[in-house]
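Enquirer: Before anything else, here's the structure in question.
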Amino acid sequence: MQDYDLVVIGAGPGGYVAAIRAAQLGLKVACVDAHPAPGGTCLRVGCIPSKALLESSHQYAALENRLKQRGILVSGVTLDLNKMMSHKERVVRALTGGVKSLFKKNGIDLHVGRGRLEGPGRVVVGDGQTTLSAKSIILATGSRPASLPGITMDHRFVLDSTDAIALSSAPEHLVVVGAGYIGLELGTVWRRLGSQVTIIESLDCILPGTDRGTADLAQKLFARQGLSFVLGARVTQVTVDQDDCAVHIEGGDAVTGDRVLMAVGRQPHTEGLGLDTLGIALAARGVIPVNDRFETSATGVYAVGDVIGGAMLAHKAEAEAVSCVDMIVQGTPAGDRPMIPSVAYTDPEIACVGATEEDLKRRDVPYRAGVFPWIANGRARSHGTLDGEAKILAHRESDQILGVHLVGSQAGELIAEAVVAMQLKATSHDLANSCYPHPTLSEVLKEAALAVHNQALHI
Ligand code: FAD
Ligand code: NAI
């Protein structure tokens, strides 16, 4: 038996960040992961490899189509998909190796093997040869791809996201089920690399839950890039006949293609975790229920990240990890609950934080909206990235910023400022009265803030 102050199960952004934070605060820490390369879904098969492919495919598409307009003529552009995939794998290796180094630097023991709770304060690793004991245990076992009832992913024709970031050739026609984050990002990658892509979504808009005006504008721009959408179409079945896949839609015609990507969400990963040994029961959708201190129903056992549900995002898992450890060690979190932004790394990017117009209307909150388009921004003009719009929602009386919704190039970088502004309870006047560097894309935020009071200068 090896004794620790804290054992973390799962080395994704929730688990590895919890381990590092706890070690910084002086705890003796072990982290257990089934996979020898730490970093979880995010580093191995999620955020990082998908962004590597998005960037590579973006550059390929730019060479093929966009540079011509600026007088840069490139001929004989060919695609070596193998090399593109090798680059992606190198990025993943560098970052998972980086987590290993951080563990070493912070004196954290990494135990490779499946972790299983075995009664209070005990975690068994792998086949049972190693048992760890600790006063506190954090469950950060993340999530895995979900499918629909009756639809099995065979990983050859019917794919999950992990398959879809590792294909050896571009499908002729990729049919994507779900117009959420994965459907849009990976649909974009394969469209740029030559596939016909059809995205089928059961609701009547893409990225459900996103500010509706923002989502509708983004959909229009994606359609221009050749992504086809079938909205308001609930997929009920997928059948595979030799090389043809038929995606069946309730009350409608089937859509056929040679590959199908199931992108209908992810499911908390709790199989074989031994929750029953401590009487921890799962809540709806298979999430581990926790209170606002990340405590499960078992004393000394906490959970963070995708496994507790909510937005399944790496930065949300990290933020929860830090708060959870701070509560374990210091009894209180270091600050207020952070605002959690979301970004789709498509082209243009969609980046949001806070309330949508629909949320505010539903809650009867009086607000003003300020909107400013990318096309009126000097830097966007010089980049040739004219599509997009920044929207700031501010309280009608207090002027406090309640939501920021961006669709446009580099929106994912710009949203960080809005997050800080909202975290500090800034008003639209605070942004409008600040001096922004010119020419930068960030000026769209200042102008949208000015527009809240009909005072935008450049439109
Ligand atoms: P995970 O990262 O899933 O890590 C859980 C770890 O626990 C895994 O390493 C697993 O091996 C391990 N594990 C599970 N059970 C056990 C066990 N019993 N014993 C030992 N180890 C175990 N989010 C973003 O914020 N931005 C993005 O751009 C983004 N892109 C994504 C793209 C794709 C294709 C996918 C699939 C996801 C993406 N996400 C993105 C979501 C993000 O990856 C997750 O929200 C994040 O990884 C969750 O972190 P986590 O630590 O909770 O769990
Ligand atoms: P998602 O929850 O984002 O989207 C799933 C979509 O599938 C929804 O729009 C839903 O309405 C639709 N759907 C469900 N059942 C359907 C049916 N029967 N027929 C047609 N459509 C149906 O899930 P996704 O895209 O699989 O991503 C999983 C998670 O991974 C996301 O929740 C996100 O948190 C995370 N992620 C984040 C990224 C980012 O931050 N950039 C990138 C990729 C993933």
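Enquirer: Would you list the helices (runs of 4 or more DSSP H) that sit entirely within segment 36-151 and hold 1 or more residues that are touching a Ser or Thr at 6+ places or on another chain (Cβ under 6 Å) and touching a residue at least 12 places away in the same chain (Cβ under 8 Å)?
Expert: Qualifying helices (runs of 4 or more DSSP H): 40-45, 81-105.
Enquirer: Of Leu79, Leu27, which residue is away from ligand 2 (no atom under 16 Å from the Cβ), within 26 Å of Thr270 (Cβ to Cβ) and surrounded by 14 or more Cβ atoms within 10 Å (Cβ to Cβ)?
Expert: Working: Leu79 fails: within 26 Å of Thr270 (Cβ to Cβ).
Testing whether each residue is away from ligand 2 (no atom under 16 Å from the Cβ), within 26 Å of Thr270 (Cβ to Cβ) and surrounded by 14 or more Cβ atoms within 10 Å (Cβ to Cβ) leaves just Leu27.
Enquirer: I would also like to ask the following. Among the candidates Thr188, Thr210, single out the residue that is within 16 Å of ligand 1 (Cβ to nearest atom), surrounded by 19 or more Cβ atoms within 10 Å (Cβ to Cβ), assigned to a loop (DSSP other than H, G, I, E, B) and outside the structural domain of Lys83 (by TED's automatic domain parsing).
Expert: Result of the check over Thr188, Thr210: Thr210.
Enquirer: Here's something else I'd like to know. Residue by residue through segment 299-311, note down the ones that are within 16 Å of ligand 1 (Cβ to nearest atom) and surrounded by fewer than 21 Cβ atoms within 10 Å (Cβ to Cβ).
Expert: The answer is Gly309, Gly310, Ala311.
Enquirer: Given (1) without any contact (Cβ under 8 Å) to a residue 12 or more places away in the chain; (2) surrounded by 15 or more Cβ atoms within 10 Å (Cβ to Cβ); (3) within 24 Å of Pro145 (Cα to Cα), identify the lone condition not met by Val287.
Expert: It is condition (1) that Val287 fails.
Enquirer: Still on this structure: Could you grab me the full set of residues in segment 165-178 that are in contact with a helix residue (DSSP H, G or I) (Cβ under 8 Å, 6 or more places away or on another chain) and within 11 Å of ligand 2 (Cβ to nearest atom)?
Expert: If the condition is that a residue be in contact with a helix residue (DSSP H, G or I) (Cβ under 8 Å, 6 or more places away or on another chain) and within 11 Å of ligand 2 (Cβ to nearest atom), then Ile165, Val176, Val177 are the ones that fit.
Enquirer: Go through segment 399-429 and count every residue that is over 22 Å from the mean Cα position of the chain (by Cα) and in contact (Cβ under 8 Å) with a residue 24 or more places away in the chain.
Expert: Residues meeting the conditions: 8.
Enquirer: Would you confirm, using the coordinates I've provided, whether Ala369 is of a type in the set (A, V, I, L, M, F, W, C) and assigned by TED's automatic domain parsing to the domain that holds Thr427? Reasoning before the result, please.
Expert: On the way: of a type in the set (A, V, I, L, M, F, W, C): yes; assigned by TED's automatic domain parsing to the domain that holds Thr427: yes.
Criteria met by Ala369.
Enquirer: Tell me whether segment 263-272 contains one or more residues that are of a type in the set (Lys, Arg) and away from ligand 1 (no atom under 16 Å from the Cβ).
Expert: For segment 263-272, residues of a type in the set (Lys, Arg) and away from ligand 1 (no atom under 16 Å from the Cβ): absent.
Enquirer: Assess whether Ala166 counts as being within 16 Å of ligand 1 (Cβ to nearest atom), in contact with a Lys or Arg (Cβ under 9 Å, 6 or more places away or on another chain), part of a loop (DSSP other than H, G, I, E, B) and touching a residue at least 24 places away in the same chain (Cβ under 8 Å).
Expert: Against the criterion (within 16 Å of ligand 1 (Cβ to nearest atom), in contact with a Lys or Arg (Cβ under 9 Å, 6 or more places away or on another chain), part of a loop (DSSP other than H, G, I, E, B) and touching a residue at least 24 places away in the same chain (Cβ under 8 Å)), Ala166 qualifies.
Enquirer: Further question on the same structure: Hey, among the residues in segment 244-261 that are farther than 15 Å from Pro171 by Cβ and among the charged types (D, E, K, R), which one's nearest to the chain's Cα centre (by Cα)? Full working, then the answer.
Expert: First pass over segment 244-261, keeping only residues farther than 15 Å from Pro171 by Cβ: 248-254.
Narrowing further to those that are among the charged types (D, E, K, R): 250, 253.
Details: Glu250: 29, Asp253: 31 Å.
Restricting to residues being farther than 15 Å from Pro171 by Cβ and among the charged types (D, E, K, R), the top hit is Glu250.
Enquirer: For Ile20, state whether it is within 13 Å of ligand 1 (Cβ to nearest atom), β-branched (Val, Ile, Thr), touching a Leu at 6+ places or on another chain (Cβ under 7 Å) and more than 16 Å from Gly115 (Cβ to Cβ). Break it down into steps so the answer makes sense when it comes.
Expert: Values: within 13 Å of ligand 1 (Cβ to nearest atom): yes; β-branched (Val, Ile, Thr): yes; touching a Leu at 6+ places or on another chain (Cβ under 7 Å): yes; more than 16 Å from Gly115 (Cβ to Cβ): yes.
So Ile20 passes the test.
Enquirer: Any idea which residue in segment 323-342 is farthest from ligand 1 (Cβ to nearest atom), counting only those that are in contact (Cβ under 8 Å) with a residue 60 or more places away in the chain and surrounded by 21 or more Cβ atoms within 10 Å (Cβ to Cβ)?
Expert: So the residue we want is Ile328.
The values are calculated or read from the model by the stated rules, or taken from the named source; none is laboratory data. Owing to the predicted nature of the structure, the values given are computational and were not obtained by experimental measurement. Note: ideal-geometry Cβ built from the backbone for every residue, glycine included; neighbour counts use all protein chains shown.
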